[in-house]
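Here is the structure we will look at.
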Amino acid sequence: MTINAEVPVAATRAGPTAGRAGQGAAADQEADGTSAADLVLPLAAVGGVGILAGYGYVRRTRRARTRTTPGVAAPVVPPVVSSRPPVTPLPLLERQAGAALVQADDCVRTSRAELSFAEARSGPAAVEPFHRILREAERELAAAFAIHLRYGQGVPEGGEEEAARRQALAGIVGRCAEAGRRLDAAAPGFDRLRALEREMSGALEVAEGRFRELTGRSGAVEATLAGLHAHYPASATDAVTGYVEQAKDRLVFATTHLNQARQAADLERTEQAVRELRAAEGAVGQADTLLTGVDQLADSLAEAADLVPAALTGAEAERERARAQAAAGAVDGASRSLLDDTDAALAAVREELTGDRPYDPLGALRSIVRAVSALGAGQDGVLGAAAWLVGRGDVRAADGFVATHRGAVGAGARTLLATAERLLGTDPAAADEPALEARELAEQDVRMHGNPYSGGAEHTSGAVLGGVLLGEDPDGGPPLAFGGPDTRKRGEPHPG
């Protein structure tokens, strides 16, 4: 126990305690001093990094604000968000206007065709309100075609003129939309008049009757065309080349769909029966147009042959009157040149008329009318009759071609045809040229579209080319009906 009392533990409580405490405090101060030094260096480093980062940010900001290209200051401009809608390119507007014209013209033509079947069954009085609606739509369409003609003749481009072009295109689309709207508004009433869902048998009888009449008539028209080939040169009959064959094609299509309509009606598949009937009616109507075109050409050629001698005499009298004015000094050099051209044209006609070879009477009349028109002579009497006969024949030929090939014919040919139809009522001599141009342009459209009579589906393809059906599907798509664009959509299949 005494030895244990001398353990240093007891001794630390004596005087030496203060020294050890001093040493402990010094040790603590040394420890504290070492800890503070250790903390100062990292804090200083962090601070330095922060200062450098801030300085770099300031310099970068200043450089961004004062950045220049050689000699030109480029201040930062905040992006401007325009509230104006994007401007539609003019070529796109032109295509939209052309498509609107084609669609409106198709709707008018289809409505007119189906109206004829309704009239055959219900009588003129019942369909007169729809004829009135159709005439209103035709006026809107005629106005649209007139705007399109003026547009094509050259509204200047650029500046305010471009705004005028855009306004003209908007006018075309608006007129076409109004024509379609009028037909669409009348379509439900027309459907109630026809009542195909309830009285299919009567409509089928009308269509089948017209089909049988045309089938029998096709043989006679074929004989008429053979007679034209025998009596006139090829140039006289080019306008109806292939028409009998195309009419027979439409009739084959019609008989197929009439049979399917009858079968569907017997099975009470009303929707299918209506669809098949309308397709058959469209084909029957186009077969009628094709066969009628041949008969009309035959009549026009016969009338022209009777009229050519008198028209030539009248034209020669006008030429002599103009020569007398030239001898008196009343005309200038340009008019004398026209007189020489007139002499040459009339001499060529006289040679054809007195020659031994067949000639084209309508072509001869056309030459006479153009020669006299160039002199500015009046178109009364026999010359007026000649101008009317030529203009009417060319307008009919162009209209028949467009009607039976409208699935491929564009807005340009239709615009020229509308122009010729308008001139026929006011200046028949001026109607001839746009009518011929319309036919030529329509034929170009068809050639670019391709030959529908190649392959195994020529009947369906012919109906699509003629606009009887809407698509190139195996079944040709839905048929068209009385009404505008919204009515057309009723028969289109829904996607998915």
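The values are calculated or read from the model by the stated rules, or taken from the named source; none is laboratory data. All values derive from a computational prediction rather than experimental measurement. Ideal geometry is used to build each Cβ from the backbone, glycine not excepted, and the neighbour counts take in all protein chains shown. Keep in mind that these areas ignore ligands, DNA and RNA; they rest on the heavy atoms of the full protein, side chains included. Shrake-Rupley method; radii C 1.70, N 1.55, O 1.52, S 1.80 Å.
Okay, here's what the table says:
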{"item": "Verdict on Gly410 being out of contact with any strand residue (DSSP E or B) (no Cβ under 8 Å at 6 or more places or on another chain), crowded, with 24+ Cβ neighbours inside 10 Å and either at pLDDT 95 or above or under 19 Å from Asp105 (Cα atoms) (or both)", "result": "no"}
{"item": "Leu436, sole failed condition from (1) open to solvent by less than 30 Å² (accessible area, probe 1.4 Å); (2) touching a residue at least 24 places away in the same chain (Cβ under 8 Å)", "result": "(1)"}
{"item": "Check on Ile172, closer than 29 Å to Leu92 by Cβ, touching a helix residue (DSSP H, G or I) at 6+ places or on another chain (Cβ under 9 Å), of a type in the set (Val, Ile, Thr) and part of a helix (DSSP H, G or I)", "result": "yes"}
{"item": "Test: residue in segment 248-261 that is touching a residue at least 24 places away in the same chain (Cβ under 8 Å), within 36 Å of the chain's Cα centre (by Cα), farther than 23 Å from Gly202 by Cα and crowded, with 22+ Cβ neighbours inside 10 Å", "result": "yes"}
{"item": "Criterion violated by Gly216 - all others in (1) open to solvent by 30 Å² or more (accessible area, probe 1.4 Å); (2) touching a residue at least 12 places away in the same chain (Cβ under 8 Å); (3) of a type outside the set (Lys, Arg) satisfied", "result": "(2)"}
